[in-house]
Amino acid sequence: MAHAAVVSLTQKLVRLLNPSQSNILLPKSELGSIYHDLSYWQSFLQTPGSSQSNDTANALQTQIQDLAVEFEELIRSYTSDCFVPGLESSEDVSSAFKFFQEIVRIKPKINSLTKTLEAEEAKRNTEAQRPNGTMKVVVGLDDVLEQLKSRVLSSEHDLRVIPLVGMAGIGKTTLAKELYYHPIVLDHFEFRLFLTVGPQYQSRQFLLHALDQLGFRIDEMGGKRVAELGEHLYRALYGKRYLVVLDDIWDAQVWDEIEILFPNDENGSRIIMTTRLLNVAGADIRVPLLNDDESWTLLRRMVFTSEEDLCDPQLEKIGRKIAKNCEGLPLAIMEVGKLLCKIERKVESWKEISESEDPLVITIDDGTPISRALSLSYIMLPPHLKPCFLYMGVFPKGYEVPTSRLIKLWVSEGFIETSSSKSLEKVAEEHLDDLVSRSLVLVCKGSSRGRTKTCRIHFVYRNICISEAQNEKLFHIVKKYPTSFPQGTNIQRALCFHNNTVLGFKGVHYLLESVSNARSLLCYGPQHQHPLRMYLHFPSLRVLDAVAIRFYKFPHQVVELVELRYLAITYDREIPPSISGLCNLEVLIIRRYHQCLKSSEDPVYLPMEIWKLCKLRHLQCMGFDLPDPTKDVGFDGYVILKNLVTLSGVTSHSCNRGVLESVPNLTNLGIQIESLHDKVEILNLFSSFNYLNRLESFKCVIENPGLGSSYVTSASAFPDYIRKLTLSGCGFSWRNMGDLFNPKNLEVLKLRRYAFCGPEWIFFAGYYTGLKFLLLEDLDVEHWIINIGSYFFNLRHLIIRHCYKLREIPIAIGYILTLEMVEVDDCSPSLVISAQRIQELQQQNTGNESFQLRIHSSWDDKKLKR
């Protein structure tokens, strides 16, 4: 009941401090200070151990509840007086004066209780450090805590700022408190401050709270200007070794304002900052999600509170599944733990929870602690990011979304605002980066350029996305056969199916007629290989993403969807000329079913009418080629696709002069060659590249490495402006590497599956001044030699995979100042040893403590696996 009383009072106080209540006379400074106290009370009550049944805990909860109820009644009485009709202004002032007097009376009680709670929390944290103490608050984050402790207690004299970064509920504040109350920390620093910043930062309230913790009389400070308060804080800390925890920073600009308040006296002072934002200040510590074992440990300790309280083996098996479904988020695990504590410890009861897709159902306004923590992240988003974030909810739980696909969808949906200086895709990339930096979108795989390759959202945010998207009429998800659609589905912007099979039922077709105004149809269920007749009569449809459905006949209803911007399907046969009717199409993705084999050695071309799609920006057509528009004398259409920037999945037959001259603004080109009949074209594979003046990324995959260098060594040089180059199966000679491309602008180089052949690679690294990423995979090279005087000035990431003959990494790599990571996957023991030597050089000679070495090996020699 104490927690409920505090929540109720907090909500009432928030409403009272709302600017819309400006007609009420309020001591906002004092109320703001009380609000910070209430936030701490709420945090205290949510801490494991605060609800345990003992005399101290019961007495504290009673005090909290009584004081919260008393203060809420005081507010209720005053606000009801303010809204009495006909009240004279003199009476209004009199009522306000009485309210102010009551605030002065009750404030010392609140301050006293807060200090009592802080002392109790310090006691608990101290006991938690003892070997035989009670359950540790931190589960699975011992390494992070040690890293934090090491940086806080390091011998460096400069003021150090240490950001703890992670999504809501991951344990940032818990870690900060754990260290804040650690006995070593208590002895090490003269002054300690724990200050909550929050999303609604107010400098006056922040400074008063800081001065209050330092022992200043706040009643004497209330009339001072903000600058004077800041000066008092600075002087109080000047010359002292202090530790300040800035909890919950939401804005980098707020940090810029706060930073100047803290003196740097080179005496080892430290500032710990908890934030959901990446790259706010200094080298941050990323707080990770828990793994499956750690998740179960936390859940078990929540439910089975004592060592004598054993868990039944059957319950443990189900409990582990429940814990895994929480996806490693401590706050979610704790909420589920509370739920399990309320139900019987029976297999049937737990199994029901384990079989649910999500162990918790969270909405933006359900009032639970986890909802409040998560909802703020969405509420605080700027308007242009909200639809992009909500759209992440259309994908199934745990689904890794390729960034390139997500960006195209955002653009096609119309979420991205136009920019005079940037492409829509570039703006969308920045939006994604922003969501990642706010810890709302999780990066699953990074790209070679240091960006995001695949991403997803945590299930707790997915819950909010789905519920809020329906409120915003953004999308509706169908998971099973629907007998009817919920009221309001007909005005939803998008329909998303997570069970593709239901799309073939006539009953569903009838239902879809009632939602024919849908602008997007998204099919994200499991791959469907059998014939499926879909309902596609949606005249306003802009997006059709149906790659998961295999079409045996081309769906001719598609060509009637003249508003279509995005079309993605799986289809093995020829595309009809009528596709030219899709005059607004910007993205065309055609995939072949993975079990389908070529029935003919002749290339399969898209219809000549493809050149009429003048708005086309991205064309991915696995196994199809673009026809040469200059060879069809009778063709009357748009010969130049000036908007096309991406072309992938084609073969060398699309790399002739006629085609490449007709796509002058192409920036990304990917070709795939599968059979020997292409060998004639390979001779002139790159001869037409000089028509592509904007090409930045080129990928060439030859599926049959046996083609050999006799076919490809005569290829022309690559354009100087290529920044990313991926080659696989080409069979080039290492000796010809310098003749093939000028590496001045090259940033990413990936060499796979005999891209180059031969036992020795003499590498003139001095030419590669811009190279940041180098991948070597499945190559037969034995000796890699870097010429004396050569140097990678900017190399950051080196990956070597399955190069079984390569004996070692050149020692020169160890002296690269920019190097961040070396990854070795299944290579020789001698190469692994050389990689470890690189690590030693990085850490000892260059002082690069952040350097990472990752070794993956299928061998059993654990000494080679660090």
Quiz item: All but one of (1) surrounded by 14 or more Cβ atoms within 10 Å (Cβ to Cβ); (2) in contact with a helix residue (DSSP H, G or I) (Cβ under 7 Å, 6 or more places away or on another chain) hold for Tyr481; which doesn't?
Solution: (1)
Exercise. Report yes if some residue within the stretch 457-464 is under 19 Å from the mean Cα position of the chain (by Cα), within 22 Å of Phe773 (Cβ to Cβ) and either modelled with pLDDT under 90 or in a loop (DSSP other than H, G, I, E, B) (or both); otherwise report no.
Key: no
Self-check item: Only one of Glu413, Glu417, Glu429 that is in the same structural domain as Cys455 (by the TED database) and at pLDDT 95 or above
Solution: Glu429
Exercise. Mind listing just one residue for me: the one in the stretch 501-551 that is part of a loop (DSSP other than H, G, I, E, B) and hydroxyl-bearing (Ser, Thr, Tyr) and, of those, nearest to Glu586 (Cα to Cα)?
Key: Ser540
Practice problem: For residues that are modelled with pLDDT under 75, among the charged types (D, E, K, R) and under 23 Å from Lys177 (Cβ atoms), tally how many sit in the stretch 32-81. | Solution: 0
Exercise. Check whether at least one residue in the stretch 144-158 is of a type in the set (D, E, K, R), outside any helix (DSSP H, G or I) and in contact (Cβ under 8 Å) with a residue 12 or more places away in the chain, and report yes or no.
Key: yes
Quiz item: Within the group Gly450, Gly393, which residue is closer than 30 Å to Ile799 by Cα and either assigned to a loop (DSSP other than H, G, I, E, B) or in contact with a Lys or Arg (Cβ under 6 Å, 6 or more places away or on another chain) (or both)?
Solution: Gly450
Self-check item: Lys136 over 36 Å from the mean Cα position of the chain (by Cα), at pLDDT below 90, of a type in the set (D, E, K, R) and more than 28 Å from Val280 (Cα to Cα)
Solution: no
Exercise. Kindly list, by first and then second residue, each pair from a residue in the stretch 839-850 that is closer than 11 Å to Met821 by Cβ to a residue that is among the aliphatic types (A, V, I, L, M), limited to pairs with Cβ atoms under 8 Å and residues at least 6 apart or on different chains.
Key: Gln839/Val822; Gln839/Leu853; Gln842/Leu819; Asn848/Leu817; Asn848/Leu819; Ser850/Ala283
Quiz item: Inside the stretch 186-207, can you point out the residues that are farther than 14 Å from Ile258 by Cβ, assigned to a helix (DSSP H, G or I) and of a type in the set (A, V, I, L, M, F, W, C)?
Solution: Leu186
Quiz prompt | Complete set of residues in the stretch 846-858 that are part of a loop (DSSP other than H, G, I, E, B) and either under 29 Å from the mean Cα position of the chain (by Cα) or modelled with pLDDT of 90 or more (or both) | solution = Asn848, Glu849, Ser850, Phe851, Ser857
Quiz item: When Asp861 is evaluated against the numbered criteria (1) more than 17 Å from Arg796 (Cα to Cα); (2) modelled with pLDDT of 85 or more, which criterion, by number, is the only one it fails?
Solution: (2)
Quiz item: What do you reckon, is Ala168 buried (at least 18 other Cβ atoms within 10 Å of the Cβ) and free of Cβ contacts under 8 Å to residues at least 60 places away in the same chain?
Solution: no
Practice problem: Give the stretch 732-758 a look and list any residue that's among the small types (Gly, Ala, Ser) and surrounded by fewer than 21 Cβ atoms within 10 Å (Cβ to Cβ), or say none. | Solution: Ser733, Gly738, Gly758
Quiz prompt | Filtered residue count, the stretch 422-455, keeping only those that are farther than 25 Å from Val748 by Cα and either exposed (fewer than 15 other Cβ atoms within 10 Å of the Cβ) or among the charged types (D, E, K, R) (or both) | solution = 1
Quiz item: Does Ser95 satisfy the criteria of being among the hydroxyl-bearing types (Ser, Thr, Tyr), at pLDDT 75 or above and more than 40 Å from the chain's Cα centre (by Cα)?
Solution: yes
Exercise. Could you please find all residues in the stretch 357-378 being surrounded by fewer than 17 Cβ atoms within 10 Å (Cβ to Cβ) and free of Cβ contacts under 8 Å to residues at least 12 places away in the same chain?
Key: Asp365, Asp366
Quiz item: Going through the stretch 510-525 one residue at a time, which ones are surrounded by 13 or more Cβ atoms within 10 Å (Cβ to Cβ) and polar (S, T, N, Q)?
Solution: Ser516, Asn517, Ser520
Quiz prompt | Residues (surrounded by fewer than 19 Cβ atoms within 10 Å (Cβ to Cβ), touching a helix residue (DSSP H, G or I) at 6+ places or on another chain (Cβ under 7 Å) and among the β-branched types (Val, Ile, Thr)) located in the stretch 229-284 | solution = none
Exercise. Being out of contact with any strand residue (DSSP E or B) (no Cβ under 9 Å at 6 or more places or on another chain), of a type outside the set (Ser, Thr, Tyr), surrounded by fewer than 17 Cβ atoms within 10 Å (Cβ to Cβ) and at pLDDT 90 or above narrows it down to one of Gln595, Gln557, so name that one.
Key: Gln557
Exercise. Identify all residues within the stretch 294-347 that are free of Cβ contacts under 8 Å to residues at least 12 places away in the same chain and part of a helix (DSSP H, G or I); write none if there are none.
Key: Pro313, Lys317, Lys342
Quiz item: If you go through the stretch 309-317 one residue at a time, do you hit one that is within 25 Å of Arg462 (Cβ to Cβ), buried (at least 19 other Cβ atoms within 10 Å of the Cβ) and outside the structural domain of Ile170 (by the TED database)?
Solution: no
Self-check item: Set Gln839, Gln843: member being under 31 Å from the mean Cα position of the chain (by Cα), part of a helix (DSSP H, G or I) and surrounded by fewer than 16 Cβ atoms within 10 Å (Cβ to Cβ)
Solution: Gln843
Exercise. Would you be able to say whether some residue in the stretch 558-567 is part of a loop (DSSP other than H, G, I, E, B), touching a helix residue (DSSP H, G or I) at 6+ places or on another chain (Cβ under 7 Å) and touching a residue at least 12 places away in the same chain (Cβ under 8 Å)?
Key: yes
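The values are calculated or read from the model by the stated rules, or taken from the named source; none is laboratory data. Owing to the predicted nature of the structure, the values given are computational and were not obtained by experimental measurement. Neighbour counts are summed over all protein chains in view; Cβ atoms, including those assigned to glycine, are modelled from backbone coordinates with ideal geometry.
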